[in-house]
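The structure under discussion appears below in the form of structure tokens.
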Amino acid sequence: MSELRYRIEGLDCPHCAARLEGKLKRIEGVGGASVDLSQGLILLSAKEGLDDLTEAIQRAADEIEKGLFVRAIEGEDGTGGEEEGEEESPLKDRLVLGAAALAFALGLCLPQAARPFCFVIAWLLAGLEVLEASFRLLKGFALSLFRRPVVSPLDENLLMAVATVGALALGDFAEGALVMLLFNLGEQLQAAALRRSRASIGALLAVRPDHANLVLGEEVRRVLPSAVRAGDVIELRPGERVPLDGVVLAGRGSVDTRDMTGESLPREAYEGVELLAGFINQSGLLRLRVSRVAEESALSRSLNRIRDAVKGRARAERFFTRFAKVYTPIVVLLAALLTLVPPLFLGDFSQWLYRALSFLVISCPCALVLSIPLSFFCGIGAASRRGLLCKGGAVLEQLAKVDSVAFDKTGTLTLGQLRVGKISPQGDLGEEELLALAASAERASDHPIAKIIAAAAPGAPSAARVEELAGRGLRAELDGETLLVGNARLLGENGVAAPELEGSGVLVAKNGRYLGSIELEDSLHPDAKGTIEALRERGVRNIALLSGDTKAVARGVAGALGIQVRGELLPDEKVEALEALPGRVKAYVGDGVNDAPCLLAADVGVAIGLSGADSAIEAADLVLLQGSPKGLVRAKDIARATMANVKQNAAFALGVKALFLALAALGLAGMWLAVFADVGVTLLCVLNALRLLGRGRGRA
């Protein structure tokens, strides 16, 4: 068996992807098939030497949906972006024309006889794909009766066809056209969301370095990262991204680790320090001995997590699909039984046929098809009024059930702005004196920690002969005395015993004597504690902090909030920690590039503010536009209200329909009652859904 990859263009329906996967597995010579909707890929395991496999895959795709295009791809990962010059979908044009026809019929004083004609035109323009898909399904079902396995014809397309044809049969032409337009509008929004997701994945994959500088004796050769083996030596120049995990052999500098750990401060790089793929070299020429090959690097593990998370999410069934699988076969079977069984004992086939047709008309699920999506739309609208950008009704459905929440630290539960915190002077030295001494030396440095300390003591004098020692700190002269400001390694090299700092900060010594330490801290977000308490009141029992920062810093923040904590986590390790968190439905809240795998892996990914990384905002299901974690509490309240509204509409619509279906079966409900059971129930459910918009009023 060989592993083959194909790109499929135009596929944006999870249900269609699942059906295509089933068809591909039945192709002779194919051992396994997987359709990755998130990236538009088909992965096949097939026998060697199969002819016309691409044509067979294309035929299977054509049976699922028109307009799909399959082509073989080559390369290591097949992660090419969306095809350039994507053509506008004919469906989009027909939706615009259909909406125009509907608006024309509703807005103008047309003759009564002309209105139905306009509505039917609008219905056909919007629903052509739906009707064609339903016909293909029914045709495939009929043909499969003579072979195995039998193909089920039940999906959301058949449901919409039954619903709108039923509305037209009742004479409710406007309703039939409107329902079809809304359904296809939802399909287009889903397709757009999927395209954004693919673009987001492409942006995340772009952080993977495309080359490595391999050292071969006196020569440095530019090669693909996949050509480098463990134990090889590579060279890293300023501005380049680390291509593979490795340990520094020579050189000194600093590296930006934000994409991998979320830390806001750069990390010092010197001999013996391990650097991970994805870090960015800010300064200094470094040589690394590679410790892991490209496919085993920390960056590759994170990207694989992203792919797996999005692929799993894309397979989730939508409401219409689940509903169609249960409701449609039941009513069709009952109508068939009502047509065939009673005449065997009571005769009068035409009377029972009329009752069965009334039964089908009453069973038309327009009230549910229209009002339940409207409940979600109104819930999304209420959320947007409060500065909560929700990317679909399924997000509200999951958010209402969330019982576990994991938070990133920097910029989420904290403000992400380091400042001077605890100052610990030794002996008779005061805090201000210690800070002034450190600031005297730090004033000459461009290091982020140096700038923070210097800004905290603007009146401190400037030291002379400042020498910056990469990876350790500063040596300077102040009033003829030697001043050391840096880490424990610097002081140890100069014979000064000093403790190690657990977090960010510096140690200070003068003339060989330890004077104390200055620690930096990140302030808690003002809404952090209130958010944690409010979530617990709403049934969220498992709350954790998952951070790429040091364990000591993460423990300090988590201790102040009374939540679980894990620190020093890489992106893929964050995903593992999230998956290990107890609970049935999990949410993750973050704002950085390193948070994207968790945002995708969580049942509900929540991004904080529009100032966060673009990849985090694209990967998230919910964006808290005002940048406060308290928005999650408001979103959960709206989600719970939305789901309660959905259940009310479903119970009312199904209850009333059950009553009138029974009356129709007994011959006590004619077409005029069918109109009430359909239009009246739909109107009441829609009015109930509109109540949700009131939740968006008021201040956020």
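The values are calculated or read from the model by the stated rules, or taken from the named source; none is laboratory data. For clarity, every value in this text was computed on a predicted model and none was experimentally measured. Because the Cβ atoms are built from the backbone with ideal geometry, glycine has one as well, and the counts that use them run over all protein chains shown.
Looking at segment 194-206, is at least one residue hydroxyl-bearing (Ser, Thr, Tyr) and modelled with pLDDT of 70 or more? Taking every residue of segment 194-206 in turn, none turns out to be hydroxyl-bearing (Ser, Thr, Tyr) and modelled with pLDDT of 70 or more.
Does at least one position in segment 423-430 carry a residue that is in contact (Cβ under 8 Å) with a residue 40 or more places away in the chain, over 30 Å from residue 617 (Cα atoms) and in contact with a helix residue (DSSP H, G or I) (Cβ under 6 Å, 6 or more places away or on another chain)? The answer is yes, given that some residue of segment 423-430 is in contact (Cβ under 8 Å) with a residue 40 or more places away in the chain, over 30 Å from residue 617 (Cα atoms) and in contact with a helix residue (DSSP H, G or I) (Cβ under 6 Å, 6 or more places away or on another chain). Checking 690, 659 one by one, the residue that is part of a helix (DSSP H, G or I), modelled with pLDDT under 85, under 29 Å from the mean Cα position of the chain (by Cα) and surrounded by fewer than 23 Cβ atoms within 10 Å (Cβ to Cβ) is 690 and no other. Suppose we keep only residues that are within 26 Å of residue 532 (Cβ to Cβ), among the polar types (S, T, N, Q) and over 22 Å from the mean Cα position of the chain (by Cα) within segment 373-424. Which one would you say is surrounded by the fewest Cβ atoms within 10 Å (Cβ to Cβ)? Step by step, filter segment 373-424, then rank; the result is 417. The condition of being within 46 Å of the chain's Cα centre (by Cα) and at pLDDT 85 or above holds for only one of 527, 549, that being 527.
Residue 647 meets the conditions (1) outside any strand (DSSP E or B); (2) surrounded by 24 or more Cβ atoms within 10 Å (Cβ to Cβ); (3) of a type outside the set (S, T, N, Q) in every case but one. The failed one is (2). When 62, 52, 36 are checked against the criterion of being modelled with pLDDT of 70 or more, within 17 Å of residue 132 (Cα to Cα) and either within 26 Å of the chain's Cα centre (by Cα) or not assigned by TED's automatic domain parsing to the domain that holds residue 122 (or both), a single residue qualifies: 62. Once segment 433-481 is narrowed to residues that are without any contact (Cβ under 8 Å) to a residue 24 or more places away in the chain and part of a helix (DSSP H, G or I), the residue that is nearest to the chain's Cα centre (by Cα) is 451.
Of all residues being part of a helix (DSSP H, G or I) and over 11 Å from the mean Cα position of the chain (by Cα) in segment 577-602, which is surrounded by the fewest Cβ atoms within 10 Å (Cβ to Cβ)? Just the residue, please. Across segment 577-602, the extreme among qualifying residues is 580.
From the list 648, 626, the one residue that fits, being at pLDDT below 80 and closer than 22 Å to residue 378 by Cα, is 626.
When residue 557 is tested against (1) within 22 Å of residue 448 (Cβ to Cβ); (2) part of a helix (DSSP H, G or I); (3) modelled with pLDDT of 90 or more; (4) in contact with a helix residue (DSSP H, G or I) (Cβ under 6 Å, 6 or more places away or on another chain), exactly one condition is not met: (3).
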